[in-house]
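This report refers to the structure that appears directly beneath it.
Just so you know, all these numbers are worked out from the coordinates, no wet-lab data involved. In this text the structure is predicted, and so the values were computed from the model without any measurement. For neighbour counting, all protein chains shown are included, and Cβ atoms are generated from backbone atoms with ideal geometry for every residue, glycine included.
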Amino acid sequence: MAKAKYKQYYEKMLEKEQALFDEFKPIHDLYKADRNKFQNEFNQVGRKVVEAIHDWERKLCSAMGRTQYAKYSETVSEKFWDLIREDFDQIDMVGVKIE
């Protein structure tokens, strides 16, 4: 059975942006262990990662958003982000300052 399109795009994104995600993964893990110590580095690299994710999200959903499937596009986007959060559960913390 064919993979869902959002899963295909997620895998493509990881493949095409491998160097970026390889740089982010250890920083992400260190950030989980000590948010205060690794916050600046996490946010710095994380911004580039989030930009890449948004680019791939636009590629995935752009055609759907202009049609009768706009609501479906929102669901696909949520599923795409859910996949990302499975591997990078702190991704939503990029840009958040903890004091």
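The table for this structure:
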read-out: Which listed pairs, of 25/97; 37/59; 48/79, have C-alpha distances above 30 Å, in listed order; value: 37/59
read-out: Exposure proxy ranking, count of Cβ atoms within 10 Å, fewest first, for 13, 1; value: 1, 13
read-out: Sorted by Cβ neighbour density within 10 Å, fewest at the top, the residues 31, 72; value: 72, 31
read-out: The chain: equivalent-ellipsoid semi-axes (sqrt of 5 x gyration tensor eigenvalues, Cα, Å); value: 28, 14, 11
read-out: For the chain, calculated [θ]222 nm from helices alone, where every DSSP H run of n ≥ 4 adds -39500 (n - 2.57); value: -26500 deg cm²/dmol
read-out: Packing-based exposure ordering (other Cβ within 10 Å, fewest first) of 57, 74; value: 74, 57
read-out: The chain - percent relative contact order, Cα under 8 Å, separation 6 or more; value: 38
